[in-house]
Each structure stands twice: as structure tokens, then as C-alpha cells.
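First the structure, in the form of C-alpha cells, and then the observations on it.
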Amino acid sequence: MKRRISPACRATHLYLQEKHLPKIPIIKNGSCLQTVYLYDNEITKIENLEPLPNLEYLYLQNNQINKMENLSSMRKLKKLYIGKNKIAVLEGLQYVDSLQELHIEKQDLVDNMHLCFDPRTITNISASLTVLNISHNKIISLTFLTPLIHLVYLDASHNNLDDVKDVYQTLRNWTELLEAQLIGNPVCKKHRYREDIIANTCQLKVLDGKDITDLSRSFLKKFEDRKTMSESKHNISRIDHVIKGIPGNYPEFLRKGVTESLVKEIKCEQLKDSPSFDIAEPVHLSWNFLPKRTPLTHRPRVSTLRNLKRENHNNMLVKKTTIKIKNSSC
């Protein structure tokens, strides 16, 4: 026999936590319910929530749920707490349009398994999600979460993130992110981990519980910009090999100046939106302003130069002899 719950007609909260419930009971007259507490039970499946069209807050943490399903009717759901279950895939939210907070931490997964993400769900919740808690889930990458551009708070602590570049390339897309918790990941032990994260985020205020000042962020961003420019210079050995039609016999100082100009032009394209880029630095002439110079086709041989020198010497001797003869005859 199915258990049925009938809350008061105008009730907005339903308290069913810590009842040892094996399943979610059928709820009648739930059109006014906005919050349902079902945490700390023995529930194995998400079901019987269809009669709750106005539900905004759902608490399902610390149960035995192994799949996210039957949530398509939760159009107004704003906060979902579903941590401490057995969920392996974040899914089933492709029709939930108003979700602002998602807490899916500490899933009880078998060895060598980590929490995965359904692209359809991530794409759908990206328009509204601002808070995400995915801690303690053995996650190895944040790349699949890149579409979540409105995130303000992220807790991805105590996972298996070990690539600092993978982390900051994802965080770089979240221009509204203010706080990130990454402590407990292998990446935190990498050299310059904190500096790299700060330099590649727009307005992060707190990282791993420590505040970030605007002065330190500005310094690290400028340092990172100059480091990138320096690496770009070292990657260009000879400009005449890169640009066709450029003579290879320009003086070294001129070649260096034009190389810096080209590198700076490339860097300007990369940093045109960066406030830390100093536009007052000296600008060098680009190649199209340089005078055309025809490269040397060949050089005279040493033997030819010697013959010319010997011939000039002989001519001088002949002229001197002629002058002496004329003087004696006079």
C-alpha cells in the first residue's frame, strides 16, 4: 500500500526528514508547497514529485539515490541539495530552467569512478546556475563545466584535479566568479598554482578561503602578460622565415626592432580587452614601412679581388714611369 501525505491546503513547507522513508510518498494537495525536506532517509529513487509544480527548494541529501530522474516537472526549482548519495552522473535537469544552486557533493561511488556530467543538463542550467558544489567526487577535469558562465561560487575541493592549465582555462570563462574552493586537489601542490589561478580569472575575490586583493591581482596579471610576450619573442627565431618576401640581410638591430613590433602586434590582439596592458610602451615600425632592399645574389671571389688589386697597382707603376720619362726628356 502506497503511503500518501496530505499537507495543509496553504502549507509552503513539508518536513519529512529523518523518517527512515524507503521512498518518496505520494503528496496530495501540494500545489502550494515551495520547500520539501527529505534528507536523512533511505530513499533510493526520485519519484512522486509531479504534483509539486511550484516547488523551489528540494532537500534530498544523505539517502541512497543512484540516479537523477523524474525532475522534468520542476520548472521553478531554484535550489537542489542532493549530496551524499550514490549518483554517478549529473543529469536529468535539462528541463529545469530556474536552478540557481546545485549541491551534489560527496557521492558514494565505487573505486575508480568519478562524477560525470551530462552536456544537455550543463547547457540548460548554465543560464541560471550561480552556485555549484561538486566537492569529494574524484573529478579529474572541469572542462565539461565551461558553459556555466554565470557561476559566482564554486566548491570543487577534494577531487583529483591535477592539471593547473585545465583548471584556469575553465575558470577564465567564468567572468562572474567571486569565490573558488580547490583545496585538497593535487593541483594545489603545483608550482605557482595560486598565482596562475589569480592571473587567469577576472574578479575572483577568495581562493581556498584566502582573500585576493586588487593590487595582487593587477600585479600578477601584468606579470603573466609580460611572461607570455617574452615566450612569444623566443618562439620567433628569424622573421624572414615567417614572412615571405622579406630579405634576410637586414642589420641585426633592425631585425630585432621589427621582430618586437610584430610580437607586440600579436600580443595586442590577445590582450585588447585586458586593462593591465600598457599601451604607452614604444612601438616599432612594421615591415611595410621599411625601405625595400634587394638581397645580395653573389659575392666576388677572393681571387678576383686580388687580380683587381694587382692590376690597379701595375697601372699606378706605369703612370709613375711615364711621368719620370717626360721629366728626364725635358
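Distance between the modelled labels on S31 and S216, one decimal in nanometres: 5.5 nm (7 Å Cα→Cβ projection). The solvent-accessible area of S31, taken with every protein chain present and a 1.4 Å probe, is close to 60 Å². Solvent-accessible surface (1.4 Å probe) assigned to E91 amounts to roughly 50 Å². In plain terms, the chain from K76 to T12 could stretch by 21.6 nm, reckoned as 0.36 nm per residue minus the Cα-Cα distance. Over 27 Å between Cα atoms: which of K67/K190; K23/K106; K76/K205; K28/K106 fall into that group? Cα-Cα > 27 Å for K67/K190; K76/K205; K28/K106; rest within.
Between L308 and N173, the distance separating the two model label sites (each 7 Å from Cα on the Cα→Cβ line) works out to 6.6 nm.
The values are calculated or read from the model by the stated rules, or taken from the named source; none is laboratory data. Not measured: the values here are computed from a predicted model. As a convention, Cβ positions derive from the backbone with ideal geometry for all residues, glycine included, and neighbour counts pool all protein chains shown. Heavy atoms of the whole protein, side chains included, go into the accessibility calculation; ligands, DNA and RNA do not. Shrake-Rupley method; radii C 1.70, N 1.55, O 1.52, S 1.80 Å.
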